[in-house]
Every structure is written in structure tokens, then in C-alpha cells.
1. If I histogram all Cα-Cα distances within the chain using bins 10 Å wide from 0, what percent of pairs lands in each bin?
2. Collect residues whose amide H, placed 1.01 Å from N in the peptide plane, falls under 5 Å from the amide H of residue 76; neighbours closer than 5 in sequence don't count.
3. Mind pulling the angle between the C-alpha long axis of helix 182-193 and the longest principal axis of the chain? Nearest 10 degrees, somewhere in 0 to 90.
4. Return the aspartates and glutamates within reach of residue 10: Cα separation strictly under 17 angstrom, same-chain partners fewer than 8 residues apart disregarded; answer none if there are no such residues.
5. Within the set of other residues whose C-beta is less than 12 Å from the C-beta of residue 5, count the net charge using Lys and Arg as +1 and Asp and Glu as -1.
6. Out of all DSSP beta bridges with both ends in the range 32-127, state the antiparallel percent to the nearest 5.
7. Where Lys and Arg each count +1 and Asp and Glu each count -1, what net charge lies around residue 97 among other residues with Cβ under 13 Å from its Cβ?
8. Within straight cross-link reach of residue 188, meaning Cα distance under 18 Å, which lysines are found once same-chain residues fewer than 8 apart are removed?
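The values are calculated or read from the model by the stated rules, or taken from the named source; none is laboratory data. In this text, all values refer to a predicted model and were calculated from it rather than measured experimentally. All Cβ positions, glycine included, derive from the backbone under ideal geometry; neighbour counts span all protein chains shown. Ligands, DNA and RNA are excluded from the accessible area calculation, which covers all protein heavy atoms including side chains. Shrake-Rupley method; radii C 1.70, N 1.55, O 1.52, S 1.80 Å.
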Amino acid sequence: MSLNGIELRKKLVELALEWQKEFGVAPGILSSISEFDAAMLLGMKESDYSNFMQTITAVNKGFDFKYNGLRYQIKANRPSGKPGSTVTNVRKARNYDFDILIWILYNTEFQMVEAWSWNVKDYVTAFDSKETLRPEDMRRGKLLFKNSNLQVISTKTVHKNSKDTKQYTFEGLGKYVGKCSFPYEVVKYYVEKNKNITFADLKRAFPDGIEMSGTPVFIQELENVSKKDLIDGRVKDINNPIILSSGEKIVVSNQYNPTRIDYFNKVAQKLGFKVSWREK
């Protein structure tokens, strides 16, 4: 079975990061990744994007793809994580043969941190006479996406509450894992012990409760996960979903601050899980 775009993207990023680790500099995948991400962010179907890109060359002039009759040009930045790689400049459009320009900022792991759009008229008015563009310039446009759980600081990406080093386990797991993986392990174990559980029963067992703005609910069916959440890896292990006896594929959010993980642990304890934790 052929891989879908999200799976291909994940493999491409993994390979690029391995290359960077071995040889110091990541291959130039940013253009391909950002164009795909932008199309998905806009709601374009993967099949439509694929069909359009079959006739496009790497040096296509003016725009990168068309969607709903509009021509989109994509610009993106990603810090490598090395000293001096802080994002300070944004590449300026060399021509104005587009309708909408989208600028995307990534972290070192090619996760989308923020995305902003400009229509060509406003872009020309604001930047035609400027020689150098910076991230703060692009942020004057229309906000399309922002991952509030990631911040790009200097050459490092840090999660809010990054000082939380707790690891969790429960009786029967046999290992300690971080707060982003722990709920997945709990739900997986619960399904294994309740062979015929339905998705509705699972949702009742693990009610959504405390939610973080812009993040996935605790549990959802894989087919209903938004493309933004898939692109940014905000659900745990999409390549190994939890499969119910009905065949339904379930994924679990991996977005947890201390308040949300505490709530989840209380839910797990009510279900009989003996939860404990340690400092890493």
C-alpha cells in the first residue's frame, strides 16, 4: 500500500534530520515541505495537490501552486539549531506573479510554529521598497496558524513548561515515559484489557475534560484528525494507532501541560490505574 502525503512527509523529515546529524547540514527539503504544508493548511486535497504538482518544475516562476483559482507563493524559514542560525531574515519575493504569499516559520524539527499570509497588493505596498524583510515584517500579515505550544527562541525550540522533567508509569507498564507519551500508553493498555470496548465507551472512560487551546482532544478516531494536527505531530504515533475490535483506529493527543496531565492522571486513577512518577 502506498504511503499518503503525511506519512511521506514524516519519512522525508526523519531522513533529512538523520543526514544533518551525520553530515552537519540538512538536505534542502524546506521548499517541498513548506509548499505541501501550506496546501494542507488551506484545505487542499492531497490528490488535487499531487495532480497539480505533476506538471510543475522546481523553477516554476511566480507561484508554487494554485488553489480555488488563486496562485500561492510560499516562503519559509527553519533554524538549523547551530550557533548563528537564528531566523533574522525572510527571503523576499523576486516577482509579484502571485495572488497570495504565505510565510511559514518552522522549528529545528520541521514542525510548523506559525504561518502568515499576504495578498499581493498589500505585500507590494508594504515591502516593494524594503531591501530586507524580517520575521516581524511578515507577522503584520494575516495569521493562518500558530502552535501556541512551541516557541522558537534563539537557535532552540522549547516547549512551554519545559522545566517539567517528570516521567510517569503505572503498574503493568514496566517503564517510565514522558507526559506526552503516557496517556497513549494508558489508553493502549486499557483497550488491551477491554477487548470489545467501543469508541463511544472509550470516550466515556476518558472524557475530554481540561483542554488546551488549539490542541487535539484526548482521544479521537484517526480518520477525523485534522491535517494540521497530523502535520505538526500533535497526536501520538499515527503510524501505530490503537485498533479497537471493531477495526476503528484511535489516536491519542500528545499535547500536555502540567495541568492537563494531572487531570488525565486523575481520570486514569479512577479507572483503576496505579499511577506513579519520578523526576528524570
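1. Final binned percentages: 6, 25, 31, 23, 12, 4, 0.
2. Amide H to amide H, under 5 Å and 5 or more residues apart or across chains, residue 76 pairs with 104.
3. 50 degrees
4. Those aspartates and glutamates meeting the cut-off are 18, 35, 37, 46, 109, 229, 232, 237.
5. Numbers: positive: 9, 10, 11, 45, 227; negative: 7, 35, 37, 46, 48.
Net local charge, residue 5 excluded: 0.
6. If I count the DSSP bridges inside the range 32-127, around 60 percent turn out antiparallel.
7. Working: positive: 61, 66, 71, 94; negative: 64, 99.
Residues close to residue 97 contribute a combined charge of +2.
8. 175, 179, 203, 236, 249, 266, 270, 274
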